[in-house]
Amino acid sequence: IYTLLIVGIVDDGIERTHEDLAPAYSAVDSFDFGANDADPSPVYPDDDHGTAVAGVAAARGNNGLGIAGAAPGAGVAGLRVDFVNLTVQQLADATLFRSSGGTTTIGVKNHSYGPTSPYEVTHEESNAIDTSAAAGTIHVFAAGNDRGTENGDANKTQNQANPNAITIASSSPGGTFSDYSSFGANVAAVAPSDSNSGPG
């Protein structure tokens, strides 16, 4: 019986040897969908977002190092997509990986990326969310960082508006919305973050 909760980070890669992530890292549940290999390590110099997200989710706690994540006892899987050469197929494959069919070891997947345009149609990825959710995986999506632009309403985007996705916006240190955070009727909750001024 598989008992450890694995959180999959669909992002630009994770530093699997990072001292706060290495104890939680699950190699068998990780993959690089851009390079088509089993190593989800960052590739480009600015591939640092996934590592930060993985830390917030599952950095090992009570070890005298760094930080503790929201689920400090969980496992973490890197599901790297190549944002420089991104395809919908990469996102769909990462959404289904080890959370559909006969292998459902990843219980939660975090998608901290936003759309590139409003009313973006991504049927293939949205269908993958439905398939994976039916297998029991929880999918959490960032609402986006586009408040004040035409992308500001997260409900305009197919993945964030999917009933099988939990869409999360961010709140500022002052207790109001973060000045960049997208909004929408599809937003289920907000989580503490930063703002364009003030601490995180």
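Any idea which of THR131, THR167 is modelled with pLDDT of 90 or more, in contact with a Phe, Trp or Tyr (Cβ under 9 Å, 6 or more places away or on another chain) and not in a loop (DSSP other than H, G, I, E, B)?
Exactly one of THR131, THR167 is modelled with pLDDT of 90 or more, in contact with a Phe, Trp or Tyr (Cβ under 9 Å, 6 or more places away or on another chain) and not in a loop (DSSP other than H, G, I, E, B), namely THR167.
Within the range 90-124, how many residues turn out to be acidic (Asp, Glu), without any contact (Cβ under 8 Å) to a residue 60 or more places away in the chain and not in a loop (DSSP other than H, G, I, E, B)?
Number satisfying all stated conditions: 1.
Failed condition for PHE31, given (1) surrounded by fewer than 20 Cβ atoms within 10 Å (Cβ to Cβ); (2) within 16 Å of the chain's Cα centre (by Cα), with all others met?
(1)
If the Cβ limit is 7 Å and pairs must be 6+ apart or interchain, which residue in the range 24-37 that is at negative phi pairs with which residue that is among the aromatic types (Phe, Trp, Tyr) and part of a loop (DSSP other than H, G, I, E, B)?
As it stands, the answer is PHE31/PHE97, since those pairs meet every condition given.
Could you please let me know if SER41 is open to solvent by less than 40 Å² (accessible area, probe 1.4 Å), on the phi < 0 side of the Ramachandran plot, at pLDDT 95 or above and touching a Pro at 6+ places or on another chain (Cβ under 6 Å)?
Considered against the rule, which asks whether it is open to solvent by less than 40 Å² (accessible area, probe 1.4 Å), on the phi < 0 side of the Ramachandran plot, at pLDDT 95 or above and touching a Pro at 6+ places or on another chain (Cβ under 6 Å), SER41 comes out as no.
When you look at ASN159, is it of a type in the set (S, T, N, Q) and either open to solvent by 70 Å² or more (accessible area, probe 1.4 Å) or closer than 30 Å to GLY101 by Cα (or both), yes or no?
Yes, satisfied.
Exactly one of these conditions fails for ARG98: (1) within 29 Å of ALA27 (Cα to Cα); (2) modelled with pLDDT of 95 or more; (3) out of contact with any strand residue (DSSP E or B) (no Cβ under 9 Å at 6 or more places or on another chain). Give me its number.
(3)
For LEU86, only one of the following conditions fails: (1) among the aliphatic types (A, V, I, L, M); (2) surrounded by fewer than 19 Cβ atoms within 10 Å (Cβ to Cβ); (3) under 13 Å from the mean Cα position of the chain (by Cα); (4) closer than 15 Å to GLY114 by Cα. What is its number?
That leaves (3) as the condition not met.
Taking TYR25 as meeting all but one of (1) open to solvent by 60 Å² or more (accessible area, probe 1.4 Å); (2) within 29 Å of GLY200 (Cβ to Cβ); (3) aromatic (Phe, Trp, Tyr), write down the number of the exception.
Evaluating TYR25 over (1) open to solvent by 60 Å² or more (accessible area, probe 1.4 Å); (2) within 29 Å of GLY200 (Cβ to Cβ); (3) aromatic (Phe, Trp, Tyr) leaves (1) as the failure.
The values are calculated or read from the model by the stated rules, or taken from the named source; none is laboratory data. No experiment lies behind these values; they were computed from the predicted model shown. Cβ: placed from backbone, ideal geometry, glycine included. Neighbour counts: every protein chain shown. Ligands, DNA and RNA are excluded from the accessible area calculation, which covers all protein heavy atoms including side chains. Shrake-Rupley method; radii C 1.70, N 1.55, O 1.52, S 1.80 Å.
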